[in-house]
Every structure is written in C-alpha cells, then in structure tokens.
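Here the structure is laid out as structure tokens; the discussion comes afterwards.
The values are calculated or read from the model by the stated rules, or taken from the named source; none is laboratory data. What you are looking at is a predicted structure, and each value in this text was computed from that prediction instead of being measured. Just the protein is used for accessible areas: all its heavy atoms, side chains included, with ligands, DNA and RNA removed. Shrake-Rupley method; radii C 1.70, N 1.55, O 1.52, S 1.80 Å.
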Amino acid sequence: MTRRAVTRQYPEHQPELPPRSRGVIALFEENCTVCMLCARECPDWCIYIDSHKETLPPAAPGGRERSRNVLDRFAIDFSLCMYCGICVEVCPFDALFWSPEFEYAETDIHDLTHERDRLREWMWTVPEPPPLDPSGDEPKEVAAARKAAERAAAEREAARREGV
C-alpha cells in the first residue's frame, strides 16, 4: 500500500507467470490410445476425436490378429473450453498436459479450434514435473517394474549358469 502501482505494458513486457500455470492444453500424440475419456468427461464437449481400427498381424505364428485404434483427428475448440482441466486429469495414458502458452489469440472464432498438429507443438513448452519427494514411498508402478526386472535378470542368470 505504500508503493505506487506500476502498469506493465503487455506486448513489450512479458508477464512473469507462476510455475505450472495453465495456458493451453498440449497433446502428446504417441500416448493417445483413443480411449475417448477426455471427450466423454469434458463438460463443454469441446474435444473432437476421430479414429479408425487397424488390424495387426499375429505376433507369433498361429496367433490371432490384433486390432488397435489409430488417431485420425484430435481437436480442441478453445472458444468453448472453460479450462477446467478435467481432460488432463482423466487421461489414463498421460497424453494431455497443461502448457503455459497463452498467446494464441485469433481474429476469427472459427480459428480457435486447434487440430492435433498445433496441440503437439505446445507439448515442447510443458515444464518438467516437480521431482518426487526423496523421503516418500516409491510409486507402486516403479516398484513392480523394478521387481519384475530383477526377477527376469535372476532367471536369465540361472539359465546362463545351467547352460555353462
């Protein structure tokens, strides 16, 4: 209250954003399995996803063919989005992230529907997650993966010893 207010002129002086601030939603396309959870849980219905099924040949002879979903279109209409973050929270495969980018204004409202190419560009502006608490428990997923790797290494060592 004892200092004068200072107005920072926006285009010349970029604002200092807090870490992990919400700007726009970024897509890590490689992790998207087209499960459609983000589109179903979105209260504004502003996420548009199109996909098709591809049949993969069997992994082993005599096996059965597998099918998988292939992402054709992933778009978010930011003129409808209310930036609640539900889509980011419900994504089980970590395909959606908050990017601190906020300069994506358009002169036409129809240009605010951003396709997957534009969403992918923002992925590289997503900050690194904060480090895990060193005094905390090891995540269950990491512990299970470590135990499986140790078990597989022990089995390989036992097989090598039997072969010698």
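Computed from phi, the 3J(HN,Hα) profile of the range 99-108 under the Karplus parametrisation 6.51, -1.76, 1.60 (θ = phi - 60°) reads 10, x, 5, 10, 9, 9, 5, 10, 7, 10 Hz, with x in place of Gly and Pro.
The eigenvalues of the Cα gyration tensor, multiplied by 5 and square-rooted, give the chain an equivalent ellipsoid with semi-axes of 42, 27, 13 Å from largest to smallest. In this structure, the amide hydrogen of V24, modeled 1.01 Å from its nitrogen in the peptide plane, lies closer than 5 angstrom to those of S99, E101, counting only residues at least 5 positions away or on a different chain. Backbone geometry of the range 38-55 corresponds, through the Karplus equation with coefficients 6.51, -1.76 and 1.60 at θ = phi - 60°, to 3J(HN,Hα) couplings of 4, 5, 6, 7, 5, x, 9, 6, 9, 9, 10, 10, 10, 8, 9, 9, 10, 9 Hz, x marking Gly and Pro.
Could you work out the relative contact order of the chain, using alpha carbon pairs under 8 angstrom and six or more residues apart, expressed as a whole percent? Could you put the intermediate results ahead of the total?
On the way: 195 pairs, mean separation 43.9, N = 164.
Answer for the chain is 27 percent.
Among C38, C46, C84, the largest mean-square fluctuation in a Gaussian network model of the chain (Cα springs under 10 Å) belongs to C84. Computed from Cα positions, the angle between helix 140-163 and the longest principal axis of the chain comes to roughly 30 degrees. Build a GNM of the chain with springs between Cα atoms under 10 Å apart, and of R66, R22, R116 the one that fluctuates most is R66. Shown for the chain: the carbon plus sulfur share of the solvent-accessible area, taken with all protein chains present and a 1.4 angstrom probe, equals 54%.
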